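Q: Got a structure for you, questions after.
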Amino acid sequence: MPKIIRIHQPGGPDVLALDDVALAAPGPGQALVRHTAIGLNFIDTYHRSGLYPLPSLPHGIGMEAAGVVEAVGPAVTEVKPGDRVAYAGGPPGSYAEARLIAADRLVHVPPSVSDELAAAMMLKGMTVEYLTQRCRPLRRGETVLFHAAAGGVGLIACQWLAHLGVTVIGTVGSREKAELARAHGCAHAIVYTEEDFVARVRELTGGAGVPVVFDSVGRSTFMGSLDCLSPRGMLVGFGNASGKPDPFDLQLLATKGSLYLTRPVLMGYTAKREELLASANALFDVVERGVVKVKLTRRWPLSEAQAAHRALEARETVGSSVLVP
């Protein structure tokens, strides 16, 4: 009987309970995956707190993991027992020693990529891929603002975009994080606790602003992000680390320069299996070629998920972290 982290009610890290849960045999289209590494992401705290409500309780949390297929159900053709696989997105529930999951959500992990590395990068790396190459395709020579540039998503984005010839202005919470972001390709790192990031973006762009802002912070940066945009620029909001933005008057988009606003999610860009495979393969390609180096900085045993969440919410982590069953 595998151990699974579940919440029985929304709340702080202390609601994360380590339960013994029996799993049925895989049904049609399903695979049973024994996890070897589990990705830790800020979205996990949204599910735990109730910001993103789960369909029922008790319920598992966690959006990505890597492991080995132990069994498959009827009509499964995508994977077979013994395959090394990883996944990101789909129903929460990766904080577990093993789980049942739709087989068409699994991707094969290349031999050169370790299980821990796969678990640390799938959600974050595919997020960067869809944000910058499909949600708002970037062109060589453009300059963008990327909030939380020293986080797991941010460090991947800085490297990938620098390789593509895109100049990244990033915001970070400390001088140490600024150094880390610059070491990973961020051209200009703004310590938001010491500088007005809007004024600094305007200064760096000669007053023009940037054509796109990628904002995973939410409430505390939302209005400032709009003020960083050039006319007809786009704000891509993809997270709420500081809470959901407050309601605002849509007319602001007009008065601030015919701006665009979008709130995408990874699952909307990987719903079809061919989209999922293309995104994962693009990520594996840049990692295998050394274009993107994933910084795995912290590991916790699965049983210490509460401590991992406390560190995540206290902004004590940089790069990527994993839970180990």
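Q: Among the residues of segment 169-206, write down those that are over 23 Å from the mean Cα position of the chain (by Cα) and not in a helix (DSSP H, G or I).
A: Selection gives Thr193, Glu194, Glu195, Asp196, Thr205, Gly206.
Q: Related question: What is the residue count in segment 135-144 for residues that are over 21 Å from Met267 (Cα atoms) and in a loop (DSSP other than H, G, I, E, B)?
A: 4
Q: Same structure again: State all residues of segment 145-168 that are crowded, with 24+ Cβ neighbours inside 10 Å, assigned to a strand (DSSP E or B) and modelled with pLDDT of 95 or more; if no residue qualifies, say none.
A: Matches in segment 145-168: Leu145, Phe146, Val168.
Q: One residue is enough: does segment 248-257 have a residue meeting the conditions out of contact with any Leu (no Cβ under 9 Å at 6 or more places or on another chain) and touching a residue at least 12 places away in the same chain (Cβ under 8 Å)?
A: No, every residue in segment 248-257 fails to be out of contact with any Leu (no Cβ under 9 Å at 6 or more places or on another chain) and touching a residue at least 12 places away in the same chain (Cβ under 8 Å).
Q: Among the residues of segment 19-44, write down those that are modelled with pLDDT of 95 or more, under 25 Å from Lys124 (Cβ atoms) and in contact with a Leu (Cβ under 9 Å, 6 or more places away or on another chain).
A: Result: Ala31, Val33, His35, Ala37, Ile38, Gly39, Leu40, Asp44.
Q: Residues of segment 154-168 being among the hydrophobic types (A, V, I, L, M, F, W, C), out of contact with any helix residue (DSSP H, G or I) (no Cβ under 6 Å at 6 or more places or on another chain) and more than 19 Å from Ser320 (Cα to Cα), which ones?
A: Passing the criteria: Ala162, Leu164, Val166.
Q: Taking interchain pairs and intrachain pairs at least six residues apart, which have beta carbon atoms under 6 angstrom, with the first residue in segment 170-199 and hydroxyl-bearing (Ser, Thr, Tyr) and the second part of a strand (DSSP E or B) and surrounded by 14 or more Cβ atoms within 10 Å (Cβ to Cβ)?
A: Thr171/Ile190; Tyr192/Thr171
Q: Residue pairs, Cβ under 6 Å, 6 or more apart or interchain, first in segment 215-239 and closer than 13 Å to Asp196 by Cα, second buried (at least 20 other Cβ atoms within 10 Å of the Cβ) and of a type in the set (D, E, K, R). List them.
A: If the second residue must be buried (at least 20 other Cβ atoms within 10 Å of the Cβ) and of a type in the set (D, E, K, R), the pairs left are Thr221/Asp215; Ser225/Asp215.
Q: Right, next: Under 9 Å between Cβ atoms, at least 6 apart or on separate chains: pull out the pairs that start in segment 22-35 with a residue that is under 14 Å from Ala103 (Cβ atoms) and assigned by TED's automatic domain parsing to the domain that holds Gly90 and end on any residue that is surrounded by 10 or more Cβ atoms within 10 Å (Cβ to Cβ) and aromatic (Phe, Trp, Tyr).
A: Filtered contacts from segment 22-35: Val33/Tyr87.
Q: Could you please give the count of residues in segment 297-313 that are basic (Lys, Arg) and buried (at least 16 other Cβ atoms within 10 Å of the Cβ)?
A: Within segment 297-313, residues that are basic (Lys, Arg) and buried (at least 16 other Cβ atoms within 10 Å of the Cβ) number 1.
Q: Do we find that Val201 is among the aliphatic types (A, V, I, L, M), surrounded by 22 or more Cβ atoms within 10 Å (Cβ to Cβ) and out of contact with any helix residue (DSSP H, G or I) (no Cβ under 8 Å at 6 or more places or on another chain) in this structure?
A: When the stated conditions are applied, Val201 passes them.
Q: Right, here's the next one. Going residue by residue through segment 119-134, is there one that turns out to be crowded, with 20+ Cβ neighbours inside 10 Å and assigned to a loop (DSSP other than H, G, I, E, B)?
A: No; the residues of segment 119-134 include none that is crowded, with 20+ Cβ neighbours inside 10 Å and assigned to a loop (DSSP other than H, G, I, E, B).
The values are calculated or read from the model by the stated rules, or taken from the named source; none is laboratory data. Since the structure is predicted, the reported quantities are computational estimates derived from the model, not experimental observations. Cβ atoms come from the backbone with ideal geometry, glycine included; neighbour counts cover every protein chain shown.
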